[in-house]
1. If you fit an axis through the alpha-carbon atoms of helix 59-78 and take the longest principal axis of the Cα set of the chain, what angle between them do you get, 0 to 90°, nearest 10?
2. For helix 2-16, what angle does its Cα long axis make with the longest principal axis of the chain, in degrees from 0 to 90 and rounded to 10?
3. Arrange the peptides 43-50, 104-111 so that the one whose residues have, on average, the most other Cβ atoms within 10 Å appears first.
4. Rank-order 36-42, 144-150 by packing density, defined as the average count of other C-beta atoms within 10 Å over each peptide's residues, highest first.
5. State whether the range 105-201 is rounded, prolate or oblate according to the following rule on the C-alpha gyration tensor (a ≥ b ≥ c being the square roots of its eigenvalues): a/c under 1.5 gives rounded; otherwise a/b larger than b/c gives prolate, and the remaining case gives oblate.
6. If you fit an axis through the alpha-carbon atoms of helix 123-133 and take the longest principal axis of the Cα set of the chain, what angle between them do you get, 0 to 90°, nearest 10?
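We did not get these values from a lab; they are worked out from the coordinates using the rules stated. The structure presented is a predicted model; accordingly, all values stated were derived computationally and were not measured. Note: ideal-geometry Cβ built from the backbone for every residue, glycine included; neighbour counts use all protein chains shown.
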């Protein structure tokens, strides 16, 4: 929520500057006669677009409605099975965050299997329940195939080996040991603890990196606005005093 709030504020500030400030300065810049910097030209072009109108509404208002409509449609689409599947596939492909999301799912998978087996639930039923609680449509569909194979006598480790992106080699090996020694519940608990710790470490590292990155983004945006607005004004002042 912290970076989302910062991005929202930055967009609001840039929007306010382009809609409220730049239109008042545009004529002054034009009267100066000097060639404007590229940053100022880009800001004026953005201002002209946002203050224009379409369908009897200002473009800036259309952009707001369009953005809200996009996120509403995206949320509805993500609630469908196919939408959730393709969204999960996209999330898993995102650098850093995809790895984090995958480890979260693996932690849930192992924790659920461990808890259900310790409660005396059969492995096929445990897998069926786990598929619904991992929070990923990609893994839910894969776990459904695993459940079918397990019911036919194929072990979990044999089923998931060779799929490094979804099931890490270490996890496959430990599950195989757990199945061979009839201690799958205990091994799954150890795996859950491992992946939960991995998730905590990744989140802590991301939290540490987030603040300087946000400060850098704010600095770039503020620097752009200052250069685009104050640069021409300073040049006009130098010409006037010369």
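1. That works out to roughly 0 degrees.
2. Helix 2-16 and the main axis of the chain meet at about 20 degrees.
3. On the way: 43-50: 17.2, 104-111: 21.6.
Highest mean packing first, the order is 104-111, 43-50.
4. Working: 36-42: 15.1, 144-150: 16.7.
Result, highest mean Cβ count within 10 Å first: 144-150, 36-42.
5. On the way: a/c = 1.22, a/b = 1.15, b/c = 1.06.
The shape class here is rounded.
6. It is inclined by approximately 10 degrees.
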